[in-house]
Every structure is written in structure tokens, then in C-alpha cells.
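The values are calculated or read from the model by the stated rules, or taken from the named source; none is laboratory data. This structure is a prediction, so every number in the text was calculated from the model and none was measured. Don't worry about glycine lacking a Cβ; one is built from the backbone with ideal geometry, like all the others, and counts go over all protein chains shown. Surface accessibility is based on the protein's heavy atoms, side chains included, excluding ligands, DNA and RNA. Shrake-Rupley method; radii C 1.70, N 1.55, O 1.52, S 1.80 Å.
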Amino acid sequence: MENRKGTALHITRRPAQILAILYFPFSIFLLTAGCGAPGEPVPPLPTVPAAIKDLAAHQAGDGVQLSFTLPTHSISRERLPSPPAVEILRGTVRSDGSADAKSFRNVYTIPGALVESYRADGHVRFTDPIAPEETKSHPGGMVAYVVRTRASKKRASADSNVVTLRVFPVAAPIISVEARVTESGVELTWPVPAATATGEPVSTISGYRIYRSEIHPSAPSSSPQDLPQGKLELRAALLASSETNSYPRHFRRFRPYLRLRGAQRDAG
């Protein structure tokens with residue numbers, strides 16, 4: 001009887017021990033699975049404007065005028081709430097004619113609040129001034145430009161298309177223009193520039209461009225050359241071109257403000 005009781009007792013305890021062993025790890029797994037911590041809050045992604053794709057450039061006097069369309073939407077196709085800031089980058093060009101990506105440096109930033117003052121005819125126009133001494137030391141040297149915009153300090157847009165051009169010395173500014181009223185209109189004459197902005201002699205002038213801007217009615221009746229820029233009703237617009245240092249203009253009932261630029265013929 002004792003052997004049977006001992007055997008029976010031994011048999012009844014083994015399942016209890018096995019169940020206890022299986023139940024304990026399973027309880028730990030349930031407790032561990034139920035103790036998950038909430039994730040860290042994710043900050044909102046910065047607004048990134050779409051890249052500019054129509055950057056163009058040409059020499060304007062001693063500088064390079066850039067023209068491009070300002071983006072109105074982000075890369076996620078959401079409309080930008082306000083104009084983004086514009087970063088102008090200038091770089092050098094390799095001997096094979098390609099732009100050196102590592103040479104680009106930010107030469108100017110247009111704050112978003114001031115971008116509208118550079119807009120004309122649906123495009124932003126900005127002139128990057130280049131020192132005449134630099135042009136003199138490297139006549140016909142090539143420069144490269146890209147622009148990008150920024151709606152947030154955290155991230156800028158992708159770079160625009162790259163533009164490259166050669167920059168040549170230009171004639172010194174024309175400092176005086178004479179206007180004579182005739183029966184048929186107004187005749188303009190001006191002296192032929194004899195030197196560049198750095199004093200180098202000019203051999204040939206290929207032509208002239210005549211610009212016009214109307215004077216605001218509140219401007220004084222003094223000499224137009226003495227008028228501040230704020231008194232010009234519109235920006236100077238290209239009126240005509242002339243191969244000589246004179247130009248006839250038909251008379252109209254307004255006081256025109258005229259600006260002249262001389263273009264030096266390329267040596268090559």
C-alpha cells in the first residue's frame with residue numbers, strides 16, 4: 001500500500017510541476033507585451049519649395065542679370081503661404097566648359113519680404129554686380145550661376161538649372177544726354193565713350209540701347225538726371241537700339257526719362 005501511495009503521489013505531482021513551469025514564462029510574456037511605451041512625438045516636416053527650372057542670365061553693364069520664375073508651390077504640391085527667400089550662388093567653370101559644383105558660393109540672399117520688389121513681367125530679375133577690376137583681369141572669363149529658394153531655415157529647395165556665360169569689360173557709363181525738341185519729335189545725342197569702366201581705351205562701340213521711364217506727376221520740374229529713383233513711375237524699359245550716338249524720337253505728351261547704355265564690340 002505504501003508503494004502504491006508513493007507511486008500515485010509521484011504521478012500526480014509531475015503534471016502539476018509541468019503546468020507550473022509552462023504557466024510562469026507565459027505570464028512573463030503577457031506582462032512584457034502589455035508594458036509598451038508611447039513613441040516620441042514627430043516634428044512637422046519643413047516646407048520645401050519646388051526647384052527653379054528656367055534660370056537665365058546675360059551681362060548687363062558690369063554685372064550679370066539673372067531672371068527666373070519664383071516657385072509658388074512646395075515639392076508636396078502645397079501652395080506656399082508667402083514668397084520664399086532666394087539664394088544666389090556664383091561659381092567657376094572648368095576648362096571643359098562644365099560648372100565646378102564645389103566652387104559655388106552664396107553671393108546674395110533676397111529676403112522673402114523683399115522678393116516682390118525684384119519682380120517684373122512675372123519674373124524675378126536680379127543683377128549680380130561684378131567689380132570692373134575683376135572683369136579687367138579676366139576678360140571674357142566664364143562664370144556660372146544657380147539659385148535656390150528657402151521657405152524654412154531647416155531646408156532649402158533643390159538647386160536650379162545651371163547657367164554659364166562669359167563676362168567682358170564694358171564701356172564707361174554715358175554721363176550726359178542732350179535732348180532737342182524738333183517739329184517732328186525729340187532728337188537725342190550723347191558723347192561716344194572713349195574708355196571702359198577701368199580706364200582702358202575702347203576701340204569700337206557696336207551700338208547703343210535707349211531706355212525710357214515715365215516721370216511721376218509729383219516729381220519736380222528739375223533736370224531728370226537729378227531725380228531720385230522713387231520719382232520714376234515705371235522701371236526703365238528698352239525703347240530702341242541705335243548704331244550711332246544719336247536717336248530720333250517722336251514727340252508725345254509726357255516727360256520721358258531716358259537712360260543709355262553702350263555696348264563694346266567683342267574682340268573675337
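Quick notes on this one:
- Qualifying residue in the range 194-204 (condition: farther than 24 Å from Ser137 by Cα, open to solvent by 40 Å² or more (accessible area, probe 1.4 Å) and among the β-branched types (Val, Ile, Thr)): no
- Any chance Ser157 is of a type outside the set (A, V, I, L, M), open to solvent by less than 60 Å² (accessible area, probe 1.4 Å) and at pLDDT 95 or above: yes
- Just one of the listed residues (Ser152, Ser176) is free of Cβ contacts under 8 Å to residues at least 60 places away in the same chain and in a loop (DSSP other than H, G, I, E, B), and it is Ser176.
- Matching residues, the range 43-80, being open to solvent by 70 Å² or more (accessible area, probe 1.4 Å), in a strand (DSSP E or B) and closer than 23 Å to Asp128 by Cα: His58
- Annotation: Ala101 fulfils all but one of (1) small (Gly, Ala, Ser); (2) closer than 16 Å to Arg148 by Cα; (3) modelled with pLDDT under 95; (4) open to solvent by less than 70 Å² (accessible area, probe 1.4 Å); the unmet one is (4).
- Any hit, the range 135-142, residues being within 30 Å of Ile75 (Cα to Cα), in contact with a strand residue (DSSP E or B) (Cβ under 7 Å, 6 or more places away or on another chain) and either small (Gly, Ala, Ser) or outside any strand (DSSP E or B) (or both): no
- Of the listed requirements (1) modelled with pLDDT of 75 or more; (2) in contact with a strand residue (DSSP E or B) (Cβ under 7 Å, 6 or more places away or on another chain); (3) open to solvent by 70 Å² or more (accessible area, probe 1.4 Å), Leu234 misses just one: (1).
- Only one of the listed residues (Asp128, Asp121) is within 16 Å of Ala56 (Cα to Cα), open to solvent by 60 Å² or more (accessible area, probe 1.4 Å) and of a type outside the set (A, V, I, L, M, F, W, C). That residue is Asp121.
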